[in-house]
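*Asks:* Structure provided below as structure tokens; questions to follow.
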Amino acid sequence: MKLLIIDDDEMVRSTLRYFLQNNYEVYEAGNGKEGLEVLAREKISLVLLDYHMPGMNGIETLLLIKRDHPGVQVCMMSAEHTPYFREYALSYGSYDFIRKPFDLDEVKAVLKNMEENSAKGASL
């Protein structure tokens, strides 16, 4: 399964890639525009998407992904720690919300749930 990590922090991307590359074919993008370009080229199934990025923020990117690639499962990530922020991301179509700094076991569990949800959607 192909996973795209969209985050302007190279350390976040490389950490996630290192821990997830055995289970996924991992792609990276440093901002929303680059992420959309990867989605246009590759058959991506899952996206981990940061909220705070230069240019397009995560919500703007999420809306474009949902519009142009409706079958792609997206999980928003942010260091924003208000309860409202999670609900905000979910209301725009994020499958789930991961707080930074993240727990890698939580990331893996969320991705597994996203995979299962993606498989259900494909079988409908």
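The values are calculated or read from the model by the stated rules, or taken from the named source; none is laboratory data. Owing to the predicted nature of the structure, the values given are computational and were not obtained by experimental measurement. Reconstructed Cβ throughout: ideal geometry from the backbone, glycine too, with neighbour counts over all protein chains shown.
*Asks:* Under 6 Å by Cβ, and 6 or more places apart or on different chains, what pairs join a residue from region 64-81 that is within 22 Å of Asn113 (Cβ to Cβ) with one that is acidic (Asp, Glu) and surrounded by 13 or more Cβ atoms within 10 Å (Cβ to Cβ)?
*Replies:* Close Cβ pairs (under 6 Å, with a partner that is acidic (Asp, Glu) and surrounded by 13 or more Cβ atoms within 10 Å (Cβ to Cβ)) amount to Cys75/Asp96; Met77/Asp50.
*Asks:* Okay, next question. Residues that are surrounded by fewer than 20 Cβ atoms within 10 Å (Cβ to Cβ) and over 21 Å from Arg17 (Cα atoms): does region 99-112 have at least one? Talk me through it step by step, then tell me what you get.
*Replies:* First, the residues of region 99-112 that are surrounded by fewer than 20 Cβ atoms within 10 Å (Cβ to Cβ): 99-109, 112.
With the extra rule that they be over 21 Å from Arg17 (Cα atoms), the set shrinks to none.
Among the residues of region 99-112, not one is surrounded by fewer than 20 Cβ atoms within 10 Å (Cβ to Cβ) and over 21 Å from Arg17 (Cα atoms), which makes the answer no.
*Asks:* Answer yes or no as to whether Lys108 is of a type in the set (D, E, K, R) and under 13 Å from the mean Cα position of the chain (by Cα).
*Replies:* Values: of a type in the set (D, E, K, R): yes; under 13 Å from the mean Cα position of the chain (by Cα): yes.
Taking the combined requirement at face value, the residue satisfies it.
*Asks:* Which residues, taken from region 39-89, are in contact with a Ser or Thr (Cβ under 8 Å, 6 or more places away or on another chain), under 19 Å from Lys120 (Cα atoms) and surrounded by 18 or more Cβ atoms within 10 Å (Cβ to Cβ)?
*Replies:* We begin by selecting, within region 39-89, every residue in contact with a Ser or Thr (Cβ under 8 Å, 6 or more places away or on another chain); these are 45-46, 49-53, 58, 62, 71-76, 85, 89.
Then drop every residue that is not under 19 Å from Lys120 (Cα atoms), which leaves 45-46, 71-75.
If the condition is that a residue be in contact with a Ser or Thr (Cβ under 8 Å, 6 or more places away or on another chain), under 19 Å from Lys120 (Cα atoms) and surrounded by 18 or more Cβ atoms within 10 Å (Cβ to Cβ), then Ser45, Leu46, Val72, Gln73, Val74, Cys75 are the ones that fit.
*Asks:* Within the set of pairs 6+ apart or on separate chains, which have a first residue in region 1-25 that is surrounded by 17 or more Cβ atoms within 10 Å (Cβ to Cβ), a second that is among the aromatic types (Phe, Trp, Tyr) and not in a loop (DSSP other than H, G, I, E, B), and C-beta atoms under 9 Å apart?
*Replies:* Partner pairs satisfying both residue conditions: Leu3/Tyr27; Leu4/Tyr27; Ile5/Tyr27.
*Asks:* Here is a further query. I need the full set of residues from region 23-82 which are closer than 16 Å to Asp7 by Cβ, charged (D, E, K, R) and assigned to a helix (DSSP H, G or I), in order please.
*Replies:* Once the filter is applied, which keeps residues that are closer than 16 Å to Asp7 by Cβ, charged (D, E, K, R) and assigned to a helix (DSSP H, G or I), region 23-82 yields Lys33, Glu34, Glu37, Glu60.
*Asks:* Quick check, is Glu106 outside any helix (DSSP H, G or I) and either modelled with pLDDT of 95 or more or within 20 Å of Asn117 (Cβ to Cβ) (or both)?
*Replies:* So Glu106 does not fit the description; no.
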